[in-house]
Structures are given as structure tokens and as C-alpha cells.
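Coordinate-derived values only; no laboratory data. Because the structure is a prediction, the values reported are computed rather than measured. Using ideal geometry, Cβ is built from the backbone for each residue, glycine included, and neighbour counts are taken over all protein chains shown.
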Amino acid sequence: MPFSKLGLSSSILQALDKSGYREPTPIQEKVIPLVLEHHDIMARAQTGSGKSASFVLPILELWSKSRGEGKAKIKALILTPTRELTLQVAETFVTMGAFLPKKPKIVSVIGGESIGDQLYAIQQGCDILVATSGRLLDVVKKKQMNLSHLEFFVLDEADKMLDLGFAEELELILQEIPAQRQNLLFSATYPPKMLLIASRITQTAVEVTLEAEEPTVESITQRVIEVNRENRGPLLRHLLTTEKWEQVLVFMANKRAADNIAMKFKKYGFEAESFHGDLVQEDRTYTLNQFKAKKIKILFSTDIAARGLDIDDISCVINFDLPRSPADYIHRIGRTGRAGKSGVAVSFIAYEDMDHFALIEKRSNIKLPREQIEGFALTGTPPPKVKGPDPVKGKGKSKKDKARELAAKNANLSGNK
Ligand code: AMP
């Protein structure tokens, strides 16, 4: 189905054409007409599915039709979990609104940059505000922003906000915006905590799910390589020289590990850099732009920094350190194989990681073959298991049984004296 059948006006179709969007992705096909009909939406959508455009396009469409004369009023508020995603969404609004008869004024409000500048930009006129919730509240507290004309409230990648004390922030934000508004929620998963948050925002949402739950993962070849931990660096260098990966995103367990390994790889002559939450915003933006421009080929990143990263050309994701949860695994590997391209995701596992990776596979409903690479094969023997198997439910000893046994043992001991 072409975009022209979705009810979008010619100036938006022109912007789509210029951006090379030929036809809507499945999520766009479903969501755009519903938003244009003023429905609330609760969509299950991954990054890479084209979810941003599925709200950006109809919001621009409705906004351009209802825009009154006079000074701009904030009509749409989009909350995202990270600074990077905020900037990307704002950019999508700018690109897609470029040919509208009157261009919308878009302002991003994020931490790490001058709050004064952001306030000034809002006061100069703002139609669409894209923000991370923490910084938005800082701005709200200054009482120099009027959110009472809001018509659209969007949460993007809402499940990524759950761990950031978002519930309390949301309550404060809800106090600032009109009760009557159109709500659009996008989240990769809907755990109970997310549903609770959703219920605070809307009771009438149309739920949108795609038949294939994780459409992006299908275009990703997943590999698991067994390697001793101390050999992971040399193996990575070997793979980088033998495989034809162009842009590689390597996930590290923490910031220090990301910094250390990036430094080592630079010494070895690779175009590498680290990327994590401790970098100032300016450095993060610079590194990201260098990576997008392919001046940096290997980015060593932590999970937090990679959230919301929107780069279409990552050919390979490496789990140098395994992610903690199956959800993080899916999220990480979804950074490749985007926008119709194929990608590779490689996980390094040592003896100590085997159980954990098996659990990730089980929860994600996958089973992947193990590989070993010549010259880097596993050596040594698996460390002995520290903990025995969990007791089988119903067969294990209860606390009471154990207490009885102990009492009996003690009684025997004292009886033997
Ligand atoms: P998102 O899931 O919103 O992060 O989008 C993933 C990527 O797909 C972004 O880089 C978009 O620019 C791109 N994209 C979104 N919709 C389309 C489309 N209909 N055709 C081609 N590319 C698209």
C-alpha cells in the first residue's frame, strides 16, 4: 500500500518521497489511519519498525490542519527515555514537516545542555516539544512554559522509561497537561508495570500489535561463539579483520570496560571509540555523528547509551559482555538488521556465561548453534558449579524439614557425648 492511501496530505508525501520512504512499514500502515481518526493508541513496536514516523506523520497532518493563527502553542508533547531518541524524534518532525505550508516549530528538551537555551527556544514559539521527562520537569518547575493547549501526548519506547523513576515524573507531568487529549503509547513490551502506567494515561486506547512480534529480528543472523574471556579481545580483532562488517557496535558491561577496550583498539589501529552515559552531551553527539558518518567503525557502548540509538547501517552487533536480561538481548541485537537491511549479532560466551546465555535463549524462544573459531577455541575445563541444582518443587526439603533434621542431628550429637 502506498503512503498516499493513508490520508496524508501532499506536502507530507513530498517529504516522505525526499526521505526515500517508498511505502509504509506495517506499524505505520496500522497506526497512521487510527491517529488521523483521533484514536488513542497503545502500540507494541520495536525500534527499527518505523514507529517514530507512525506518530510523527499523523500528528503533523492533524496539527497543520488545526493550527490557528498567532503565536505558536505547544500542541504535542513527546516523551522519550533518552537524549539521543529525543533528538532523533525531533529531527524526524523537522524532516517530515519541511514542506508544510507553515513549518512547525520543534524544540527538544534534554539534560546535558543549557536549560536557559531550551527555555528561550520554547518562549520564542514551540508547536511540538520532544523531551526526556526529567529535564521536562526541570523546565516545568520554572513556570515559564504553557502546556495547557496540548492536544497530543506521546510516550515513545515507554518500557525503557520504567526503570528511571518515571511513574512519579509522569504524575507531575499529567498535572500540567489537559485531561482532554489524544494519547499515543509505543512500547516494545507491556509488562504489568507498563500497563499500570498506560492505565494512568488512557482508558480508551486501540491496541496495535503486529502479527510477527519482532519483525526486525528476522533479518538478523545470530551467532554464538565460545571463547575464553581473556581471548575475547584478540578474537574480536581477528573477526574485524576477517569478516566484512562495516559498522560494528560492541556492547560492554560497563563504562570503564568500554573506555579501556576502545583505547586498546585505537592503539591497534582500529577506528574505535567508546560511548556511554558519562560522556558529556557534546561528546556523545560528536561520537554518534562520527559513527553515522562512518569515520568511526567500531563503537564500544554500554546498554544505557545504546538505548534509542537510531543508526540504519550497523552491520554487526557484538555482545562482548552478555546482556543481563533476555529483553536487553533482543533490544541490543535489534540495533542491526534495521530498515530492511540484514545484520549479524554475535555473542561471545565463556564457560561462566553458558548458563546465563541458555536462559536468554529459553526466554527468547531461540536455540542457537555454538561455534568456536580456530586459534581461539575454548581451553581449560568448566569451573565447578558453586551452587547445586535448584530443588525440584515439592521434592525439596522445606525449611521446617531442615530445622527438624538439624534438631535431630544436634540431639544425636549431644546424645553421643
Ligand atoms: P524507528 O523504528 O522509528 O526507529 O525507525 C527505524 C528506521 O527506519 C529509521 O531510520 C527511519 O528513518 C526508517 N524508516 C521508518 N519508516 C520507513 C519507511 N516507511 N521506509 C523506509 N525507511 C523507514
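Taking all Cα pairs closer than 8 Å and separated by 6 or more residues, the relative contact order of the chain comes to 16 percent. Close amide H partners of Leu184, meaning residues 5 or more places away or on another chain with modelled amide H under 5 Å apart, are Ile41, Phe153, Val154, Leu155. Per-peptide packing, taken as the mean over residues of other Cβ atoms within 10 Å, places 271-280, 349-358, 80-89, 63-72 in the sequence 80-89, 271-280, 349-358, 63-72 from highest down. For the pair Asn260 and Ser325 in one chain, pulling the backbone fully straight at 0.36 nm per residue adds 21.0 nm over the alpha carbon distance. Remark: the chain carries a charge dipole of roughly 1080 debye about the Cα centre, counting +1 on each Lys and Arg Cβ and -1 on each Asp and Glu Cβ.
Phi angles across segment 135-152 convert, under the Karplus curve 6.51 cos²θ - 1.76 cosθ + 1.60 with θ = phi - 60°, into 3J(HN,Hα) values of 5, 4, 5, 4, 5, 4, 4, 6, 6, 10, 9, 10, 9, 7, 9, 4, 10, 10 Hz, Gly and Pro given as x. Close amide H contacts of Gly97 (hydrogens built in the peptide plane, cut-off under 5 Å, sequence separation of 5 or more or a different chain): none are found. Suppose a student asked you for the relative contact order of segment 220-371, using Cα pairs under 8 Å spaced at least 6 residues apart; what percent would you report? The normalised contact order for segment 220-371 reaches 35 percent. Backbone phi angles across segment 220-232, fed through the Karplus curve with coefficients 6.51, -1.76 and 1.60 (θ = phi - 60°), yield HN-Hα couplings of 10, 8, 9, 10, 10, 10, 7, 7, 5, 3, 5, 9, 5 Hz in residue order; Gly and Pro are listed as x. With the simple model of a label 7 Å out from the Cα in the direction of the Cβ, Met354 to Lys5 spans 5.2 nm. Modelled this way, with points 7 Å down the Cα-to-C-beta line, the labels at Lys18 and Thr209 are 3.9 nm from one another. Distant-in-sequence amide contacts of Thr25, defined by a placed amide H-H separation under 5 Å and a gap of 5 or more residues or a different chain, comprise nothing. Using θ = phi - 60° in the Karplus curve 6.51 cos²θ - 1.76 cosθ + 1.60, the 3J(HN,Hα) couplings for segment 66-71 round to 9, 4, x, 7, x, 5 Hz; x is entered for Gly and Pro.
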